[in-house]
Amino acid sequence: MSKRLIIMRHGQTDWNVENRFQGHTDIPLNAIGRAQVARAASILASQDIDHIISSDLQRAFDTAAAVAAVTKLKVVADPQLRETHCGNWEGRTGPDIEASDGENLSRWFAGEDIPAGGDGERRSDVAKRATEAIYEALDGKINHTLVVATHGGTARCIIGSLLNLPMNTWGSIGGLANAAWSILSSTPRGWNLVEH
């Protein structure tokens, strides 16, 4: 058996419902989000998980904690797994940003490696820090399944980077729904996306 990654997006928050950019803002799960992660954890309990790491933001950490509760594992929080810092877009809705900064929002959605919100993070920086956290967690491990509880944008950056896809194509990776996950498996020639 190879190394496996279960890249999991956090459950729903009120800001997800309102289409607000969350970024590093520490928004908790709402009632639906808590139910989503409980259901997801019950499904993931059969995956022979060895280790759980999570963004330190509450919505992701509480998602990881639900998995930890059914697997009897500990969650290791790592700020490298946070969502993209969205600069001055954080807390604002998509339509609001489109009205005031539509050109940059379009460029960002088109996959350009520009700072989110003008003064936030680039995708390349998010991918670098998040994949470093994963490789640190997997260092020295064999036949190991790692759950990575993170955020939608960060999950896409991780998957695109590990699959060696050109950054401007990462947007073609469908976004994970709240409390959904992708599974990647290591092979001699690199990572494969097994489930999405």
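The values are calculated or read from the model by the stated rules, or taken from the named source; none is laboratory data. Note that the coordinates shown come from a computational prediction; the quantities given were computed from them, not determined experimentally. Note that each Cβ is placed from the backbone with ideal geometry, even for glycine, and that neighbours are counted across all protein chains shown. When the accessible area is computed, the model is the full protein with side chains, heavy atoms only, and any ligands, DNA or RNA have been set aside. Shrake-Rupley method; radii C 1.70, N 1.55, O 1.52, S 1.80 Å.
What to note about this one:
- Qualifying positions in region 51-69 - of a type outside the set (Asp, Glu), open to solvent by 30 Å² or more (accessible area, probe 1.4 Å) and closer than 21 Å to residue 30 by Cβ: 58, 61, 65, 69
- Taking the conditions (1) within 22 Å of residue 15 (Cβ to Cβ); (2) among the hydrophobic types (A, V, I, L, M, F, W, C); (3) open to solvent by 10 Å² or more (accessible area, probe 1.4 Å) in turn, residue 116 satisfies each one other than (3).
- Any hit, region 119-128, residues being under 21 Å from residue 64 (Cβ atoms) and touching a residue at least 60 places away in the same chain (Cβ under 8 Å): no
- For residue 53, the stated conditions do not hold, so it cannot be described as of a type in the set (A, V, I, L, M, F, W, C), at pLDDT 95 or above and under 15 Å from residue 176 (Cβ atoms).
- Residue ranges of helices (runs of 4 or more DSSP H) in region 1-93 with at least 1 members farther than 21 Å from residue 195 by Cβ, in contact (Cβ under 8 Å) with a residue 60 or more places away in the chain and within 12 Å of the chain's Cα centre (by Cα): 58-71
- Residues of region 158-179 that are assigned to a helix (DSSP H, G or I) and open to solvent by 60 Å² or more (accessible area, probe 1.4 Å): 168, 172.
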